[in-house]
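I have placed the structure first, in the form of structure tokens, so that the comments after it can refer back to it.
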Amino acid sequence: MRAPLIVIEGLDRTGKSTQTAKLCHRLNGFLVKFPNRETPIGKLLNQYLTDASNPMPLEVAHLLFSANRWEMVKNIEDLLSKGTPVVMDRYVYSGVAYSMAKGLDIEWCLAPDKGLPKPDVTIFLKANDLDSISQREGFGEERYEVASLQTSVRNNFEILRSRYDEWKVIIIDGKDIDQVHEHIWELVCPLTRGVTTGLNRF
Ligand code: T5A
Ligand code: NA
């Protein structure tokens with residue numbers, strides 16, 4: 001028996017950090033946020049995201065986002081085997097969806113993440129009304145928070161959703177924080193008794 005690996009994905013400002021924090025608290029789990037801006041690689045990514053004039057090639061940024069996930073693998077596997085649920089705020093799918101939106105090929109994007117632990121469930125927070133999301137506090141402060149890019153990222157998430165069967169979608173339009181949380185809880189609850197199968201890999 002091991003603990004579950006749970007991922008929450010979505011476009012910018014859809015409430016991932018709010019919801020992963022709430023879920024983690026209720027599960028008594030461990031929260032992992034990607035990018036993890038505290039590590040040496042995470043510091044480079046933070047510079048890249050907050051300074052739109054940073055000339056880092058797209059391919060390099062993509063590989064750094066992936067390396068930033070690999071930095072955490074040992075930690076995550078140890079927690080799961082000891083029975084602590086791990087909740088992730090973004091993961092492989094964000095890595096692929098954003099880099100594809102910048103023009104990189106899907107298979108190229110997936111390659112460096114090959115072998116990473118696969119989530120038991122991926123919950124996608126989907127907003128049909130992107131305009132209302134772009135009015136949320138903080139939107140537009142970082143380099144990827146541009147409406148045209150968000151539309152492309154949303155299409156890429158749909159492509160990924162059709163390829164991976166652990167995906168569940170929650171439509172968030174018109175729902176407050178607690179309503180979204182209760183939906184998430186319904187999906188996660190069956191996993192709280194523990195998982196009998198080993199971890200799958202990308
Ligand atoms: N990226 C990331 C890549 O390109 N490749 C990768 O491999 C990875 C991992 C930074 C960027 O990096 C890119 C994607 C991103 O562009 P980030 O650090 O996750 O990624 O970005 P953040 O700015 O931290 O977070 P987001 O913009 O994605 O926001 P969240 O976490 O979705 O939203 P949250 O919870 O902070 O909420 C935003 C606001 O909305 C309110 C909240 O109170 C808050 O003010 N809110 C609600 N309001 C009304 N109703 C609700 N239901 C609400 N839920 C939250
Ligand atoms: Na966030």
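Just to be sure before I move on: is GLU158 within 9 Å of ligand 1 (Cβ to nearest atom) and charged (D, E, K, R) in the structure I sent?
Numbers: within 9 Å of ligand 1 (Cβ to nearest atom): no; charged (D, E, K, R): yes.
Spelling it out, it is not the case that GLU158 is within 9 Å of ligand 1 (Cβ to nearest atom) and charged (D, E, K, R).
What about LYS22, is it out of contact with any Leu (no Cβ under 6 Å at 6 or more places or on another chain), surrounded by fewer than 13 Cβ atoms within 10 Å (Cβ to Cβ) and not aliphatic (A, V, I, L, M)? Lay out the reasoning, then the answer.
Numbers: out of contact with any Leu (no Cβ under 6 Å at 6 or more places or on another chain): yes; surrounded by fewer than 13 Cβ atoms within 10 Å (Cβ to Cβ): no; not aliphatic (A, V, I, L, M): yes.
It is false that LYS22 is out of contact with any Leu (no Cβ under 6 Å at 6 or more places or on another chain), surrounded by fewer than 13 Cβ atoms within 10 Å (Cβ to Cβ) and not aliphatic (A, V, I, L, M).
Of the residues making up region 127-135, not a single one is under 23 Å from VAL32 (Cα atoms) and surrounded by fewer than 17 Cβ atoms within 10 Å (Cβ to Cβ). Report whether or not LEU31 is farther than 17 Å from TYR93 by Cβ, crowded, with 17+ Cβ neighbours inside 10 Å and either at pLDDT 95 or above or out of contact with any Lys or Arg (no Cβ under 9 Å at 6 or more places or on another chain) (or both). Spelling it out, it is not the case that LEU31 is farther than 17 Å from TYR93 by Cβ, crowded, with 17+ Cβ neighbours inside 10 Å and either at pLDDT 95 or above or out of contact with any Lys or Arg (no Cβ under 9 Å at 6 or more places or on another chain) (or both). The number of residues in region 1-44 that are within 20 Å of ALA67 (Cα to Cα), in contact (Cβ under 8 Å) with a residue 40 or more places away in the chain, over 10 Å from the mean Cα position of the chain (by Cα) and within 14 Å of ligand 1 (Cβ to nearest atom) comes to 1.
A count restricted to region 161-183 and to residues that are in a loop (DSSP other than H, G, I, E, B), in contact (Cβ under 8 Å) with a residue 40 or more places away in the chain and not acidic (Asp, Glu) stands at 2.
Let's see how each residue does on (1) more than 24 Å from LEU23 (Cα to Cα); (2) touching a helix residue (DSSP H, G or I) at 6+ places or on another chain (Cβ under 6 Å):
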site: ARG69; (1), (2): no, no
site: LEU80; (1), (2): no, no
site: ARG90; (1), (2): no, no
site: GLY95; (1), (2): no, yes
site: MET100; (1), (2): yes, yes
site: ASP105; (1), (2): yes, no
site: CYS109; (1), (2): yes, yes
site: LYS118; (1), (2): no, no
site: LYS126; (1), (2): no, no
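The values are calculated or read from the model by the stated rules, or taken from the named source; none is laboratory data. The model shown is predicted, which means the values in this text are computed figures rather than measured ones. When we count neighbours, we look across all protein chains shown, and the Cβ atoms used for this are built from the backbone with ideal geometry, even at glycine.
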